[in-house]
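Asker: Here it is: the structure, laid out below.
The values are calculated or read from the model by the stated rules, or taken from the named source; none is laboratory data. These figures come from a predicted structure and were not determined experimentally. Please note: Cβ atoms are built from the backbone with ideal geometry, for glycine as well, and neighbour counts cover all protein chains shown. Just so you know, the surface numbers come from the protein's heavy atoms only, side chains and all, with ligands and any DNA or RNA stripped out. Shrake-Rupley method; radii C 1.70, N 1.55, O 1.52, S 1.80 Å.
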Amino acid sequence: MSGNRIVLSGHIVSLDPLRYTPAGIPALNLTLGHRSRQAEAGMEREVECEIAVMAMGEMAQQAARCKVGDSLKVQGFLARKSRNSTHLVLHANRIELTE
């Protein structure tokens with residue numbers, strides 16, 4: 001089964017320092033806050049959410065240059081935080097700094 005592709009824009013709520021995995025791969029965690037108006041059942045509604053984002057490799061190095069409050073567009077996929085967790089994390093394949 002496929003079809004796990006997410007595109008979400010928002011601002012950085014929190015940003016962890018760049019770290020490295022035991023294999024030496026750059027990794028970075030951040031929290032993205034999103035706010036928009038969406039149509040649902042023929043009506044407009046305010047939507048707000050925060051989601052954990054994980055960036056690895058080049059994406060982690062790119063995100064490490066950002067700061068809290070910066071606006072981003074993140075493309076990636078959802079996966080569990082860990083094997084035994086039910087919490088979802090957005091794994092970034094692409095990060096764009098937006099205005």
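Asker: Name the residue farthest towards the positive end of the dipole of segment 20-79 from the options Leu30, Ala63, Ala52, assuming +1 on Cβ of Lys and Arg, -1 on Cβ of Asp and Glu, about the Cα centre.
Answerer: Of Leu30, Ala63, Ala52, it is Ala63.
Asker: Gln38 to Ile25: extension gain in nm, 0.36 nm per residue of separation minus the Cα-Cα distance?
Answerer: Fully extending the segment from Gln38 to Ile25 adds 1.0 nm.
Asker: Turning to a different aspect of this structure: With the calculation restricted to Cα positions, what are the radius of gyration and Dmax of segment 18-62 in angstrom?
Answerer: 16.3, 50
Asker: Please calculate how many Å² of accessible area the chain carries per residue, with a 1.4 Å probe and no DNA, RNA or ligand atoms counted.
Answerer: Averaged over the residues of the chain, the accessible area is 69 Å².
Asker: Here's a follow-up. So what's the net charge close to Ser36: Lys and Arg +1, Asp and Glu -1, counting the other residues with Cβ under 11 Å from its Cβ?
Answerer: It works out to a net charge of 0.
Asker: Let me ask you something else. Can you list which of the trypsin sites (Lys or Arg not before Pro) found in segment 3-99 are DSSP loop residues with at most 14 other C-beta atoms within 10 Å?
Answerer: Arg5, Arg65, Lys67, Lys81, Arg83
Asker: Any idea what Rg and Dmax come out to for the chain if you just take the C-alpha atoms, in Å?
Answerer: Just the Cα atoms of the chain yield Rg and Dmax of 14.3, 50 Å.
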